[in-house]
Amino acid sequence: MLEELLREYGLQAKAVGALVALAILGKVVRSQLKARRRLPLPPGPPGHWLFGNALPRENQSQQFAEWINQYGPIISLRVGPRTMVIIGRYQESVDIMEKEGGLLADRPRAVAAGEILSRGLRMILAPAGEQFRRLRRAAHTHLQAKAAETYGPIQMQAARDVILDILDDPKNHQAHANRYAASVILRVTYGKSTPTGTNAPEIVLIHKMLKRFQTLMRPGALLVEKYPILKYVPGYASYLHEWRREERQLFHDQLNRVAVELKTGNPGPSFAKYLLENQETHKLSDEEMAYLTGSLYGAGSDTTAVALMVLVMAAARFPEAQDAVQEELDNVIGRDRAPTFDDYNALPQIQAFMLECLRWRPVTTLGFAHRAQTDIIYKDICIPEGAIVFGNHWAISRDSSVYPNPDKFDPQRWLGSDGRIREDLRFPSFGFGRRICPGQHIANRSIFINAALLLWSFRITQDPKAPIDDKGFVDGVIAHPKPFAACFTPRIGDEKHLRKVMGTYAKDV
Ligand code: HEM
């Protein structure tokens, strides 16, 4: 551990070691005295008496899932002075994270990404409280199901561009998914005139910042998370302050651009425009608005892109599942027109395919950390106040009591005997309780329109020379598929015809 600290910072090892050990000892003794008065913690693997459990460095969600198989549906770990509880079965996640959602609305301290980098303003990390409620209400109002429909034309055009992109350059299908997600979320946040080309300087900067943020978010990434006192040590991780300056500048510049457009013309719909016009109603400062819009991009771009890549991977890997979708598309839509949002209810096979993609390869494998605001008693265990609580999406997706034969990609599991989507089966792709993803309607509409257009336009197959490794993901807060090959054969007439149906590019760069 000290080695880790020296790598991060280069302090005098002995002094810091003593300080840290004292701080942990104090906390451990206090929490163990308190624990004696409580019901037991959930079981879990044994750890060091002082430092607790070492977190796995790689594939955390899968390692936790193994511990869940071994110790039970809810496990606990001690990480330095903190208790971490991981829920790995569907029913327990509903009972605790949904039904007791009010007690888990908080986030644990995220010292590097939340406090130093974003000064508490990034919604995904914002602690529960008055400020969080204001941020959340503003996002929810603008992104709820009905309001999300406003962005239909943007999503439709961007999804058609994906088809044209694939016709032009099928090898780079993953880059096209990235471009779709970046362009849609940028337009949702900042409106029509935002540059969306992958080489635009803003986009390059945004992606750099997103990468940094995701690195900081990995449990155990920096020692300051375990020992927040480090943040007061002069010079500790000074690069974080530089990152903050860059990020803040970008968020303000983007918001200011929309403010100027509002004064000089009539920019199309966007979250920034909505906030600027309703600043009073939502009681948001300029700083809060800048961060709220900026952090929406972070939350909505990579997640959507990964979901689209998994669609392509699953279609190529499972031809029979693709057959069922294409048979439905041929029956309902035919070949003379492309599907639109209006066809959603008539295409349950597509809906089932989407749902299965999100379960089979969850976008956020571990989910996001919640914090218990008080002791939560569940059956004969206690999740203690202050515990970090994860609903482990990966482990839940493998819960065979809810998803029989869970490793099988089987969209039909989502359909009832009437051929409609089952009401009694769910998977928490978008998280839990009061922190559930506010962008889920925009996200679902993106996944739907891309699935419908892609599978209507192409037969997607594996390249026999480069078979897909469907376990090839780079695990992180968001699990990105490694590069994989897929072949796209137009199924609606020839390429020329498909280009004609999809129209012309709307890309601005
Ligand atoms: C397939 C796409 C997406 C997936 C799988 C996804 C998933 C998630 C998950 C798992 C969470 C954490 C929920 C929890 O704490 O339990 C979350 C939070 C969030 N998502 Fe999404 N998301 C997606 C797309 C989007 C989009 C398009 C937007 C914006 C338009 C967005 C905005 C947010 C925000 C702002 C939060 C933080 C909410 C809070 O902390 O209260 N997401 N998302």
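Sticking with the crude label model, points 7 Å out along Cα→Cβ, report the distance from Asn172 to Asp95 in nm, one decimal please.
Modelled inter-label distance: 5.1 nm.
Among the DSSP beta bridges whose two residues both lie in segment 40-504, what percent are antiparallel, rounded to the nearest 5?
Taking every DSSP beta bridge within segment 40-504, about 85 percent pair in antiparallel fashion.
Quick check: pseudo-label points 7 Å beyond the Cα along Cα→Cβ at Thr281 and Lys208, how many nm apart are they?
A separation of 3.7 nm, rounded to one decimal place.
For the chain, with all protein chains present and a 1.4 Å probe, just round the carbon and sulfur fraction of the accessible area to a whole percent.
54
In deg cm²/dmol and to the nearest 500, what is the mean residue ellipticity at 222 nm of the chain if only DSSP H runs of at least 4 residues count, each as -39500 (n - 2.57), divided by the residue total?
Mean residue ellipticity, 222 nm, calculated: -15500 deg cm²/dmol.
Estimate the FRET efficiency between Val260 and Arg335 by the formula 1/(1 + (r/R0)^6), using the beta-carbon distance for r and 56 Å for R0, to the nearest 0.05.
With R0 = 56 Å, the Cβ-Cβ based efficiency is 0.75.
Quick one: accessible area per residue over the chain, 1.4 Å probe, rounded to a whole number of Å²?
It amounts to 44 Å² per residue over the chain.
Can you tell me the Rg and Dmax of segment 40-504, counting just the alpha carbons, in angstroms?
22.3, 68
Rounding to the nearest 20 debye, state how big the charge dipole of the chain is about its Cα centre with +1 on each Lys and Arg Cβ and -1 on each Asp and Glu Cβ.
Magnitude of the dipole: close to 1460 debye.
Pairs of Cα atoms under 8 Å, at least six residues apart: use those to get the relative contact order of segment 40-504, whole percent.
Normalised by residue count, the contact order of segment 40-504 is 25 percent.
Under 29 Å Cα-Cα from Lys408, which lysines qualify once same-chain neighbours fewer than 8 residues away are excluded?
Partners found: Lys171, Lys465, Lys471, Lys482.
May I ask you to list the lysines whose Cα is less than 18 Å away from that of Lys146, ignoring any residue fewer than eight positions away on the same chain?
Lys273
Assuming R0 = 35 Å, what is the FRET efficiency of Ile421 and Glu130, from their Cβ-Cβ distance, to the nearest 0.05?
So the FRET efficiency works out to roughly 0.40.
Across the chain, where is the longest run that never hits GluC sites (Glu not before Pro) in a DSSP loop with at most 11 other C-beta atoms within 10 Å?
59-422
The values are calculated or read from the model by the stated rules, or taken from the named source; none is laboratory data. Owing to the predicted nature of the structure, the values given are computational and were not obtained by experimental measurement. Every residue, glycine as well, gets a Cβ built from its backbone with ideal geometry; the counts of neighbours run over all protein chains shown. Note: accessible area is taken over every heavy atom of the protein model, side chains too, but ligands, DNA and RNA are not part of it. Shrake-Rupley method; radii C 1.70, N 1.55, O 1.52, S 1.80 Å.
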